[in-house]
Amino acid sequence: MHTDTERCVRAVQSKDARFDGWFYTAVLTTGIYCRPSCPVVAPKPRNMVFHPSAAACQQAGFRACKRCRPDTSPGSPEWNHRADLVARAMRLIADGVVDREGVPGLAARLGYSTRQIERQLLAELGAGPLALARAQRAQTARLLIETTALPMAEIAFAAGFASIRTFNDTVREVFALTPSDLRTRTPRTTPQGTTPGTLTLRLPFRAPLNPDNLFGHLAATAVPGVEEWLPHGPEGMGGTPTGAYRRTLRLPYGHGIAALTPRPDHIACRLTLTDLRDLPVAISRCRRMLDLDADPEAIDDQLRTDPLLAPLIDKAPGRRVPRTVDEAEFAVRAVLGQQVSTAAARTHAARLVTAHGDRVDDPEGGLTHLFPSTDALAAVDPDTLAMPKTRRATLTTLIAQLSTGALHLGVESDWPETRARLLALPGFGPWTADVIAMRALGDPDAFLPTDLGIRRAAQELGLPATPAALTARAAAWRPWRAYAVQYLWATDGHPINFLPT
């Protein structure tokens, strides 16, 4: 969008928050870059240039606005609905791969040379992978400076900087303030006595956001010990927000616990981490699970063109697709949920967790385990699994494929190719492959025409009854069929459609 100057100018002049994260405005006369909704008086059009990323602005010598804080705007929705090389690379960078494995590691995961990755990112985003990762490190550093009392040296290494000098130089260059100045000008919001490794922050999103199906789905399908909903947890209970969805996280350097609560203009997020280097990854995975970088207005406008969907959208717009923090975990749970009720699927998963998950301490709630890793599940005796023989074979085949690396599910996955590989596994039909594509891989166009809830909704709304006919009708909903699934599911009274109370 940043190449459409006239449209960008209109968005800046109207201070339209819908475009935050889509592009950034760099002001030639001040050397500052802003989000489109910046509350200051809009610059003259001749003094504005537009960039596709904060990293590109920084590369061009601009520093972040202290008023609108463009580095904290929602991420671009482009990286969630595209499956090309640039989008897959951006999802990996957000997951911290460049910081952990370098650009060669990023290229290896994508199957391209480092030169190809550099060239494509520079062409589309105006910055290479190192600059994009550096911008992310700067944002992480700012979060730690403003929300913790950690010494600056600890913050530097937790944010991923190789040295304190690089940390100081980057913060000064990006924010036009030293780290100490940044901390001094920020009101202290961290509660006294906060548990070490615990941070409270706000996750922004583009409005509208309907939390009912999002948190309702996560709570209704929660695996005991790994996930929970605390409906009446007071603010004072260890700082846990009221009405929080909580779950354990398996992270690159350790583990963590996330507590997430919907607010009118943000998601309240409380993270407890065993290693603060996992902060950017934990934030990225929570945002991905809640689909916070989506553009709901664009999605809903497309789906409203169908007169049968329009009333559902007008009644409760802004539905998101509930996703996952661990793709392999979700695939295992999808197989456990084949042809059984939600309660039965939770029971099967809870047995695996209790027997094979790593234990964690949770003084603030009832979380007890991390979901078992694929390596741990690969060592399980199949005869101990209390399920039909055919589904047991499906599960053990999937786990073997995941643990050996023959099948990889990750943010960088090629959606059509991975779906085809899933369908080639024994016991994998279209429903299982598509629900994994929708909720684990993040394909916004995944569709479930054979799902019982979708068939009931189709019958109630007067949509075609057969899967083939319904798929043909749903062609007009592309590329947002996964969001249409959320609106169709919402016609039912199942607990997944309601915010827990």
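The values are calculated or read from the model by the stated rules, or taken from the named source; none is laboratory data. Because the structure is predicted, anything quoted here is derived from the model rather than measured. Note that each Cβ is placed from the backbone with ideal geometry, even for glycine, and that neighbours are counted across all protein chains shown.
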Pick out the one residue from Val340, Val335 that is within 17 Å of Arg392 (Cβ to Cβ) and either hydroxyl-bearing (Ser, Thr, Tyr) or part of a helix (DSSP H, G or I) (or both). Val335
For the stretch 154-170, how many residues are surrounded by fewer than 19 Cβ atoms within 10 Å (Cβ to Cβ), of a type outside the set (D, E, K, R) and either more than 18 Å from Asp278 (Cβ to Cβ) or assigned by TED's automatic domain parsing to the domain that holds Leu273 (or both)? 4
Looking only at the stretch 277-304, and only at residues there that are of a type in the set (D, E, K, R) and under 8 Å from the mean Cα position of the chain (by Cα), the one that is farthest from Gly254 (Cα to Cα): Asp293
Residue tally, condition in contact (Cβ under 8 Å) with a residue 12 or more places away in the chain and either under 27 Å from Gln486 (Cβ atoms) or not in a helix (DSSP H, G or I) (or both), over the stretch 403-428: 17
Of everything in the stretch 354-382, what is surrounded by fewer than 21 Cβ atoms within 10 Å (Cβ to Cβ), in contact with a Gly (Cβ under 6 Å, 6 or more places away or on another chain) and modelled with pLDDT of 95 or more? Give them in sequence order. Thr368
Helices (runs of 4 or more DSSP H) fully within the stretch 24-135 counting 1 or more residues that are in the same structural domain as Asn168 (by TED's automatic domain parsing), in contact with a strand residue (DSSP E or B) (Cβ under 7 Å, 6 or more places away or on another chain) and more than 17 Å from Glu412 (Cβ to Cβ): none
Across the stretch 95-144, which residue is surrounded by the most Cβ atoms within 10 Å (Cβ to Cβ) among those that are within 25 Å of Gly405 (Cβ to Cβ) and either in contact with a Lys or Arg (Cβ under 8 Å, 6 or more places away or on another chain) or acidic (Asp, Glu) (or both)? Val97
Taking the condition farther than 22 Å from Gly357 by Cα and in a strand (DSSP E or B), does Arg277 pass? no
Matching option when the condition is surrounded by 19 or more Cβ atoms within 10 Å (Cβ to Cβ) and closer than 17 Å to Ala131 by Cα, among Pro77, Pro43, Pro52: Pro52
Of the residues in the stretch 222-234 that are modelled with pLDDT of 95 or more, part of a loop (DSSP other than H, G, I, E, B) and not hydrophobic (A, V, I, L, M, F, W, C), the one that is farthest from Arg270 (Cα to Cα) is Pro224
